[in-house]
Amino acid sequence: MTYTLPKPLSFEEFIEGYGDNTRYELIDGELRDMEPTGPHEAVAGSIAGRIYVEIFRSHLNWLIPKTCLIKPLAAEATALRPDVIVLDRDALSQEPLWEKEPVICNGNAIALVAEVVSTNWQDDYARKVEEYAFLNIPEYWIVDFRGLGGLQFIGNPKQPTLTICQLVNGVYQQQRYRLGEPISSYLFPDLQLKLDDLMPS
């Protein structure tokens, strides 16, 4: 859902008014309601849990913050709020805002982002694909557990789909996975996971 505001919000105004409210993000000055539901949050929690187990098992110096915003440096009035974000602890010292706000500006600190698709699926499949690639985020997961995305993104007939975008020469190579299919993650090669494991009960 998009709200029509009298004037576009700046990044600073968004942080002041909505920074602590995980329901909203800012795209080009427009406030976006991410419309989270119980099943949406359950899927996001399952993703974070599965990835954290791999981080721990692989002895990686990475973390998954409870809440985090991404402020692309090239975008003046944008603050993206991924459902799951994996950060490299070693790179956080280079983040100009991290000590005061859970905000990431430099893509070097981000290993992976995951978005759980809701009714504003266009942002996840189009805008964020471009933004995250521009930030050089190595891996981006689009978890469309309700099969909401457009036919060009999830195929016909529509069905639950997990798309893993792997960054290759600055462009995401996308691989779709359906229910029953084991996924393949470049960052977590030993991860044993199917979309079925993430579906809400």
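So how far apart, in nm, are the two label points at Lys158 and Val171 if each is 7 Å from Cα heading toward Cβ?
2.8 nm
Suppose the chain between Asp190 and Arg50 were pulled fully straight at 0.36 nm per residue; how much longer would it get relative to their current alpha carbon spacing? Working shown, then result.
Values: separation 140, 0.36 × 140 = 50.40 nm, distance 1.18 nm.
Stretched fully, the Asp190-Arg50 segment lengthens by 49.2 nm.
To check you understand DSSP bridge types, tell me what percent of the beta bridges within region 68-159 (both residues inside) are antiparallel, rounded to 5. Mind showing how you got there, number by number?
On the way: 5 of 12 bridges.
Around 40 percent of the beta bridges assigned by DSSP in region 68-159 are antiparallel ones.
For region 126-201, which GluC sites (Glu not before Pro) are in a loop by DSSP, counting at most 11 other Cβ atoms within 10 Å? Before the final figure, lay out each step's value.
Details: sites: Glu130, Glu131, Glu139; in loops: none.
Sparse-neighbourhood loop GluC sites (Glu not before Pro): none present.
Students often get this wrong: which residues of region 21-61 have the backbone nitrogen under 12 Å from the point 7 angstrom along Cα-to-C-beta of Leu92?
Counting only backbone N, you get 61.
Just Ala133, Ala75, Ala111 to compare: in a GNM of the chain, with alpha carbon springs under 10 Å, which one fluctuates most?
Looking only at Ala133, Ala75, Ala111, the biggest GNM fluctuation is shown by Ala75.
In debye, nearest 20, what is the charge dipole magnitude of region 51-199 about its Cα centre with +1 on Lys and Arg Cβ and -1 on Asp and Glu Cβ, if you could check? Display every interim value, and only then the final one.
Working: 13 positive and 19 negative charges, 58 e Å.
Computed about the Cα centre, the dipole is about 280 debye.
Number of Lys-Lys pairs in the chain under 22 Å by Cα, sequence gap 8 or more or different chains? Provide the component values of the computation, followed by the final result.
Numbers: Lys7/Lys71; Lys66/Lys100; Lys66/Lys128; Lys71/Lys100; Lys71/Lys128; Lys128/Lys158; Lys158/Lys194.
Lysine pairs satisfying the spacing and distance rule in the chain number 7.
Measuring from label point to label point, each 7 Å out along Cα→Cβ, what is the Glu35 to Ser58 span in nm?
With each label point 7 Å from Cα toward Cβ, the separation is 3.3 nm.
Throughout, read-outs are computed from the coordinates displayed, never taken from laboratory work. Just so it is clear, the model here is predicted, and its values are computed rather than measured. Counting neighbours? That spans all protein chains shown, and the Cβs are built from the backbone with ideal geometry, glycine included.
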